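Asks: Just passing along the structure, written as structure tokens.
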Amino acid sequence: MRFRLGGRVSRVPCVLGVDPGFANFGYAVVELGRESDRVVKLGLIATKKDNNKRKTLAADDNVRRCTEIAHELVELTAHYDIVCVCAEAMSFPRNASAAAKVALSWGSIVTLAYVQSIPIVQCSPQQLKQAVCGDRSASKEAVQEVLQRMYSYAPGLLTSVAPSAQEHPYDALGAVVAAKDSDVLKLARRMA
């Protein structure tokens, strides 16, 4: 079951790359081509805690933030023909609170993929670094530099994202690169 909101849907098959986070959720939309892919959108879904702690329960605030992420993801799938979600797999943070928040953002991804019948391909952070830089222990800066060289026009797509938060959209783009040899993307590329 696929649904679309208002607006024009791209007819070109696209992949949605995601770097799931709660405060900073990076995304990349990549059009699939037979010869080469084209990045059409890079961005960040930033959610913030409610400052009014007396009137808002933390659990209610987390639901609001999760809903913001879900809404933005639905908007992306409304405007692009998303055939696959490529995600950096959940690594387990050091504390339970952070793990719960990342799990909430993952819940948004999984629900969207299920409702719209979109497959999810995951890669570990080490697989992402290996695919992009050829080194499983590459730094975030190295990943970003290589992706900027691969997609030289990509930095122009990030004008609304603060430089300190650009690692998240680049990690989302890296997830797409890491998944390029998956059976799901090979099939989608043949159908493009």
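Asks: Could you point to the label whose value was computed as mean projected area of the Cα convex hull in nm² for the structure here, given (1) 11.5; (2) 10.2; (3) 12.4?
Replies: (1)
Asks: Still on this structure, please answer the following. Any chance you could give the angle, 0 to 90 degrees and rounded to 10, that helix 96-115 forms with the longest Cα principal axis of the chain?
Replies: It is inclined by approximately 50 degrees.
Asks: Would you mind getting me the FRET efficiency between Arg136 and Phe92? Use the beta-carbon distance for r and R0 = 30 Å, nearest 0.05.
Replies: FRET efficiency, Arg136 to Phe92: 0.95.
Asks: Which order results if Leu32, Leu187, Leu158, Leu57 are arranged by neighbouring Cβ count within 10 Å, fewest first?
Replies: Taking fewest neighbouring Cβ atoms as first place, the list is Leu57, Leu187, Leu158, Leu32.
Asks: Kindly work out what percent of the DSSP beta bridges joining two residues of the chain are antiparallel, to the nearest 5.
Replies: 60 percent
Asks: Using alpha-carbon pairs under 8 Å, 6+ residues apart, how would you state the relative contact order of the chain in percent?
Replies: Worked out over the chain, it gives 32 percent.
Asks: For the chain, the longest stretch holding no chymotrypsin sites (Phe, Trp or Tyr not before Pro) located in a DSSP loop with at most 16 other Cβ atoms within 10 Å is which?
Replies: 4-152
Asks: For Lys140, list the aspartates and glutamates whose Cα falls under 19 Å from its own Cα; do not include residues on the same chain fewer than 8 positions away.
Replies: In chain and number order, the partners are Asp19, Glu88, Glu167, Asp171.
Asks: 7 Å from Cα along Cα→Cβ at both Gln148 and Ser124: what's the point-to-point distance in nm?
Replies: Result for the modelled spin labels: 2.9 nm.
Asks: Name the most mobile residue of Ile82, Ile69, Ile118, meaning the one with the largest mean-square fluctuation, in a Gaussian network model of the chain with Cα contacts below 10 Å.
Replies: Looking only at Ile82, Ile69, Ile118, the biggest GNM fluctuation is shown by Ile118.
Asks: Next question. Setting aside same-chain residues fewer than 8 positions from Lys49, which lysines have a Cα under 19 Å from its Cα?
Replies: Leaving aside lysines fewer than 8 places away in the same chain, those within reach of Lys49 are Lys101.
All of the numbers you see were taken from the coordinates with simple rules; none came from a lab. This structure is a prediction, so every number in the text was calculated from the model and none was measured. Note: ideal-geometry Cβ built from the backbone for every residue, glycine included; neighbour counts use all protein chains shown.
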